[in-house]
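J.: Below is a structure I'd like to ask you about.
The values are calculated or read from the model by the stated rules, or taken from the named source; none is laboratory data. Keep in mind the model is a prediction, meaning the values are calculated, not measured. Positions of Cβ are backbone-derived with ideal geometry, glycine not excepted, and every protein chain shown enters the neighbour counts.
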Amino acid sequence: MRLFASATGLLAILSVLNTATAAPTNSGFEISWEEAYAKAEKLVSGWTLEQKVNVGTGSGNEQGPCEGNTIASPGFPALCMNDGPTGLRRAYNSSQFVAGINCGASFDRELTRQRGAYMAQEFRDKGVNVMLGPGMNMLRVPRGGRNWEFAGEDPYLAAAVSEELIHGIQSEGVIATTKHLIGNEQEENRYDVDTIMDDKTLHEMYLIPFYHSIEAGSGAVMCSYNKVNGTYACDSDNLMNNILKDQLDFKGFVMSDWWATHSTVNGINSGLDMTMPGDANADSVTGGGLWFGKNLTDAVERGDVSEDRVTDMATRIVAAWYKVYIDYPELRFNYFDSDVHADLNVQRNHKENIRAQGAASVVLLKNEDNILPLKQDSINKLAIIGSDAGPDPEGLNKCQDGSCSRGTLTQGWGSGSCYLPYLVTPLDGITDRADDSIEITSTLDDWDLENAAKIAADADIAFVFAKSDSGEMYIVVDDNPGDRNNLTLWYNGENLIKAVADANDNTVVVIHSVGPIDMSSWIDHPNIKAIVWPGLPGQETGNSLADVLFGDYNPSGRLPYTIAKDINDYVADVSPDLEVEYTEGVYIGYRHFDKYNIEPLYEFGYGLSYTTFEFDKLNVKVNKKKTEKVTATLATASLFVENTGHLDGNEIVQAYIVYPESADQPPKQLRGFEKVFVEAGKKKKVNFEFTVRDLSIWDVVQQKWVVPSGEFTLLAGHTSLDIRQKATFTV
Ligand code: NOJ
C-alpha cells in the first residue's frame, strides 16, 4: 500500500524555499473589538472634524501609491488598500495563490486559512494595510464573470471559506474587506442594475457569508456598485445601518466599491464610512465627485450630518486598524508603477500552500478502469495536447490584469487577478514528475486537429487540455465582456477533445475553468476515461496537477457548484435588464435541481477519490438548554468514516439539513462539512456542531432568526446526492 499524503502532509513534504523579508510573522496578534474601540475612541477624541473626515476620505483616484489611499490624521497613517482575492495585484515577486473558487472546491479549512495568512504576509511585507478581499458573492448565474473569485453556489460553504480567510488575513496584521454587499452576481450593467430580492432570500442566501465574516472579525465590508431593491447599495440605510450594523452588529467600517458612492449626506447617514477612491474629478464612472472630504465637513457644518456620526465613522476605521495592528514596514509598493519595488521578494515558502491547495482542489469527475493514478510501469508514451497545458506564447504577465488567455489558465481576469512570479505549466509539471523511461510528446496548438489526433494516436494515454475564462467587465477578452458569452470551451476545446478521444481510447480530459461548462457534446465519448477538473490553481498548477495524476495526492476536491446535463436546467442566467429580480428566491444551484428533481451531470459536492469510504453510526444530540444566541450550539452529531479501499485518502463528509416540512425550505441545505484523512482499512470519528443560526430560518415578520419546530433530518453525504446516513431529531 502506498501512503498518500494529506494536503497538509504534502506541505511538510515539499521543499522549503524561504525568501522571507524583514517584517516579522506575528500570527494571532489580533485583539478584541472592545479593546480596539477603547484605543480608537481615545485617539479620535483628540481630532478635529476635518481630521476625522480625512480617515474616511479617499485621496483621489491615482493620487497615492495604492489602488486606494486615505488621508492621514495625527497618530494614524494614510491607509493603503489593494486588491485582491488571488494575491497582491500588480506586484512583482509576489505569489499567485489558487483562486477563491478553488478554496470552495478544496473544502479544506486549514489550507484556506493558511492561504489567507500567507497572502496577508505578502501584503504586509510590501506595506499594504487593507486587502480588498475576500469576495463572497454567490454563483447564481453560471456565466457570471467573477464567479471564480468567490466560493461557489452554497452560502454555508462560502461562509466557511470567508471565515477562514478572514482569520488568516487578519492574524497577519492586514484588514480584510468582505465584498461585495450585496447582489453583485453578474457583471453586465453592474453600475446601474437594480437587483430585486425578497428579505428572506437576502438573509438566507446572500447575506450568510457576510454574517460569518463579521463574526470572524472582518475589519471592513465593501458595498457593491448595483442597486438593491431600488437603492444603490452604498446609499442603502437598510443594508448598511439596519442589516449590517444593527442586525449583524458589525463593528468595522463600510467602504464603497470604486466610485460606488452616490451621495454625501445620504451615504454617510445610511452607514457608509469610507469613500473610494475619493475621486476629486466629476468624471468618474458614476459622475461622483468628492463625496466626503470638504463636502462632508460642510454637511456637518450645515447640520445635515451629525458630528457624532462622523466620530463613529472615524472610530470604526481606527478600531479596525488597531484590532489587527502590528508593527508595519514602510510602504514598499506602487500599484501604478509596480516596477519600483519589483525586487522585493515577498513569496517566502508560500508556494507550498499553493501547491497543496491546488492538489486539494482538483476535482476528479470521472476515472474509468482506474486509469488514474498513472501506472508508470506500464506507460511508454504520454501525449499532452492543447494550449491550456502550456505557457502563454506572449510571456508572463503581458496583458492587463490577467487577461492573457492563450496559455494554461491559472486565474480569471480583472481586479481579482495578480501577476505570476513564475509558472509551472501542466506540461512542465507532468514532464518533471514522469519517470525518465516515459516519453512525453506534445502539441499546444488547439486548431491543428489532424496533428493533435496523430500525436494522440501514438501514445498510451492522451491528455487533452481545454479551458473557459471570464473576468471583470472593464476588459473584453476574445469577445467575452466579463461575463462569459456562453458555457462552451474556448479555443476550439470541444473539437480538440473529440479529435483526441477519437484517436486514443485512453483519453484523459483536463479542464481549467472559471465555473461550470457545457459538456454535452463530448461527455459520452467512450474513449474518455477520465475527467480532471483543477479549477484555477495559480502559479504551481503543473505541480499540483502532477501530484494528483501520479498519485502523490489522493484527490479529495469537490464541486462547489452544479454541472448541469443541459445548460437550460440552470435556474438563472445573466440578464441584460436594468431590473433583475431573483425570482427563484433561495433556490439557486443544487437547491433548484433538488426541488424540481432535475438530474445534474455532476452534482454539488461531487468528486471521486482513488479509494472508497463508508459511513456508519450517525448520531445526533440536541442541546436542551434554550438559548437565543444565534451562535450557540443547538445540536451536535458524530459518525464514523471508514476507508474501505486500499489507499489512504481524505474524505469530505457533507452534512445537509432537511427542515421540518412546515418551514417550507429547500429539500436539503449544506450546514457542515469535515475533511478527514483516513488510512486504508481504518476508521475515524467525525464530529459536527450546528448552531442556532445553522438550524434557523429568517422570519420576515419578526425580523429575526427562528428555529422552526418539528422534526429535522440530518443527512451525511459523500456528495449532495450520494447520501450515506440519515438521522432525525427534534429541537
Ligand atoms: C472594483 C471591484 O468591483 C472591486 O472588487 C475592487 O476591489 C475595486 N474595483 C478596486 O480595484
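J.: What are the residue pairs meeting all of these: first residue in region 73-91, first residue under 14 Å from residue 337 (Cα atoms) and of a type in the set (Gly, Ala, Ser), second residue within 13 Å of the ligand (Cβ to nearest atom) and part of a loop (DSSP other than H, G, I, E, B), Cβ atoms under 9 Å, and 6 or more apart or on different chains?
T.: Pairs found: 91/128; 91/335; 91/418.
J.: Just to check your reading of the model, which residue among 252, 303 is modelled with pLDDT of 95 or more and either within 16 Å of the ligand (Cβ to nearest atom) or within 30 Å of residue 700 (Cα to Cα) (or both)?
T.: Only one candidate passes the filter, namely 252.
J.: Oh, and also: Would you point out the residue of region 36-66, among those that are among the hydroxyl-bearing types (Ser, Thr, Tyr) and buried (at least 16 other Cβ atoms within 10 Å of the Cβ), that is nearest to the ligand (Cβ to nearest atom)?
T.: Across region 36-66, the extreme among qualifying residues is 59.
J.: Determine whether region 374-395 contains at least one residue that is polar (S, T, N, Q), surrounded by 17 or more Cβ atoms within 10 Å (Cβ to Cβ), more than 24 Å from residue 494 (Cα to Cα) and modelled with pLDDT of 95 or more.
T.: no
J.: Just to be sure before I move on: is residue 50 at positive phi and acidic (Asp, Glu) in the structure I sent?
T.: Numbers: at positive phi: no; acidic (Asp, Glu): yes.
No, not satisfied.
J.: I need the full set of residues from region 140-167 which are within 26 Å of residue 654 (Cβ to Cβ), within 16 Å of the ligand (Cβ to nearest atom) and not charged (D, E, K, R), in order please.
T.: Across region 140-167, the qualifying residues are 144, 147, 148, 150, 151, 158, 162, 165, 166.
J.: When both residues are 6+ apart or on different chains and their Cβ atoms are under 6 Å apart, which pairs have a first residue that lies in region 248-277 and is acidic (Asp, Glu), and a second that is more than 16 Å from the ligand (Cβ to nearest atom)?
T.: 273/56; 273/313; 273/316
J.: Determine which member of the set 399, 404 is out of contact with any Ser or Thr (no Cβ under 9 Å at 6 or more places or on another chain), away from the ligand (no atom under 16 Å from the Cβ) and without any contact (Cβ under 8 Å) to a residue 60 or more places away in the chain.
T.: Answer to the selection: 404.
J.: Separate question: I need the strands (runs of 3 or more DSSP E) fully contained in region 618-731, keeping only those with at least 2 residues that are of a type in the set (Lys, Arg). Can you show your working first?
T.: Details: elements: 633-643, 649-658, 669-678, 683-691, 697-699, 704-706, 711-717, 723-730.
Those strands (runs of 3 or more DSSP E) span 669-678, 683-691, 723-730.
J.: Moving on to the next point. Please verify whether residue 437 is buried (at least 21 other Cβ atoms within 10 Å of the Cβ) and of a type in the set (Ser, Thr, Tyr), treating the condition exactly as stated.
T.: When the stated conditions are applied, residue 437 does not pass them.
J.: Which of the residues that make up region 69-96 are modelled with pLDDT under 95 and within 23 Å of the chain's Cα centre (by Cα)?
T.: Scanning region 69-96 gives 84, 85.
J.: Return the residue satisfying two criteria in turn: it lies in region 407-429 and is away from the ligand (no atom under 16 Å from the Cβ) and of a type in the set (A, V, I, L, M, F, W, C), and of such residues it is surrounded by the fewest Cβ atoms within 10 Å (Cβ to Cβ).
T.: 423
J.: A follow-up question, please. Quick one: would you say residue 124 is more than 16 Å from the ligand (Cβ to nearest atom), surrounded by 24 or more Cβ atoms within 10 Å (Cβ to Cβ) and touching a residue at least 40 places away in the same chain (Cβ under 8 Å)?
T.: yes
J.: Taking region 127-136 only, how many residues are crowded, with 24+ Cβ neighbours inside 10 Å and away from the ligand (no atom under 13 Å from the Cβ)?
T.: Within region 127-136, residues that are crowded, with 24+ Cβ neighbours inside 10 Å and away from the ligand (no atom under 13 Å from the Cβ) number 1.
J.: So which strands (runs of 3 or more DSSP E) stay within region 194-270 end to end and still have 2 or more residues that are among the hydrophobic types (A, V, I, L, M, F, W, C)?
T.: On the way: elements: 194-196, 220-223, 253-256.
Correct list: 220-223, 253-256.
J.: I've got another one for you. For region 313-336, does any single residue satisfy the condition of being free of Cβ contacts under 8 Å to residues at least 60 places away in the same chain and either surrounded by 15 or more Cβ atoms within 10 Å (Cβ to Cβ) or of a type in the set (Asp, Glu) (or both)? Give the steps one after another, and end with the answer.
T.: Keep residues of region 313-336 that are free of Cβ contacts under 8 Å to residues at least 60 places away in the same chain, which gives none.
Within region 313-336, none of the residues are free of Cβ contacts under 8 Å to residues at least 60 places away in the same chain and either surrounded by 15 or more Cβ atoms within 10 Å (Cβ to Cβ) or of a type in the set (Asp, Glu) (or both).
J.: From the list 170, 186, which residue is within 14 Å of the ligand (Cβ to nearest atom) and either crowded, with 24+ Cβ neighbours inside 10 Å or modelled with pLDDT of 95 or more (or both)?
T.: 186
J.: Continuing with the same structure: Could you run through region 67-107 and say how many residues are closer than 23 Å to residue 320 by Cβ and within 13 Å of the ligand (Cβ to nearest atom)?
T.: 13
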